[in-house]
Structure formats: structure tokens, C-alpha cells
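I have placed the structure first, in the form of C-alpha cells, so that the comments after it can refer back to it.
Read the figures in this text as sums done on the coordinates, not as results from a lab. Computed from a prediction, not measured in an experiment: that's the story for all the values here. Cβ placement follows ideal geometry from the backbone for every residue including glycine, while neighbour counts extend to all protein chains displayed.
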Amino acid sequence: MEEKQNNEVLTAEDVKALQPLYADVILALKQVYDPEIPVNIYDLGLIYELDINKDREVSILMTFTAPNCPMADEVIQEVQESVEDVPGVTKCTIELTFEPVWDRSMLSEEARVELGLDYEEDDYGKLE
């Protein structure tokens with residue numbers, strides 16, 4: 001990930017003050033759905049990093065279920081707009097990565113239930 005413009009270390013007080021903003025940003029991310037899988041991008045495990053600095057600038061490192069996602073630009077735009085619409089967020093920067101490669105082990109419990117996947121039967125392979 002490229003070096004953050006504001007790389008100040010957050011104090012415990014900063015983290016406590018920013019906690020409600022983190023929760024609101026996660027709620028915003030849960031409103032963005034993968035175009036091919038009926039689950040939001042957060043529960044799919046597509047968000048690898050979510051950072052918020054003291055200036056309330058959000059940095060997101062994310063991926064897609066497949067590197068050749070034809071809707072990638074639209075999803076990134078939707079993430080940007082959803083996060084920047086959160087009250088208190090001053091800016092949102094998104095970086096796309098494919099390392100590590102996404103697989104089903106990154107799904108949240110909610111996503112696994114939504115998709116009808118069972119941990120015991122699952123080989124953690126890629127969704128087809």
C-alpha cells in the first residue's frame with residue numbers, strides 16, 4: 001500500500017473517538033454488493049484493510065473475487081461514494097490488490113449462511 005499522507009500514530013483516545021466512524025464506514029461498506037454474488041463486499045471478505053486517520057480520511061485496501069471482474073470500476077466507484085457519504089469522513093482513498101488472492105475462507109459467518117455454505121463440507125476453494 002502506498003505511504004499514507006498522514007501517518008501519525010493514533011493514541012488510545014484517538015481510537016476511541018474514531019470508533020463510531022469505523023462502525024459507520026463498515027455499515028456503508030455493507031451496502032455495496034458484489035455484482036455476481038448476492039452478498040455485500042464487507043462480508044465477502046473483499047476489504048483487506050480499513051484505516052482512518054486523525055483527519056478522518058479513510059484508506060481502504062480491497063480486492064475482488066476474480067481479477068477480471070467486469071464491474072470493478074463501478075464497484076470501486078460505489079465504495080468511494082458510500083464511504084464519502086458517511087458523516088464525518090473527509091476523504092476516501094481506495095487501493096486495489098490481488099495479493100493475497102481471495103478465496104472462500106475470507107467469507108464472514110453471515111456470508112457463509114447467506115450462500116448456504118457449510119464449514120465442514122467446504123474445501124475453501126474459489127466460488128464458481
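Taking the Cβ-Cβ separation of THR97 and ASP118 as r and a Förster radius of 35 Å, what is the calculated FRET efficiency to the nearest 0.05?
That gives a FRET efficiency of 0.75.
Taking the convex hull of the alpha carbon atoms in region 1-96, what volume per residue do you get, in Å³?
About 92 Å³ per residue, rounded to a whole number.
Compute the label zone of GLU13 within region 31-75: residues whose backbone N is under 18 Å from the point 7 Å along Cα-to-Cβ.
53-56
So what's the back-of-envelope 222 nm ellipticity for the chain, counting only DSSP H runs of four-plus at -39500 (n - 2.57) apiece and dividing by all residues, rounded to 500?
-9000 deg cm²/dmol
Rounded to the nearest 0.05, what FRET efficiency do THR90 and ILE37 have when you use their Cβ-Cβ distance and R0 = 25 Å?
0.20
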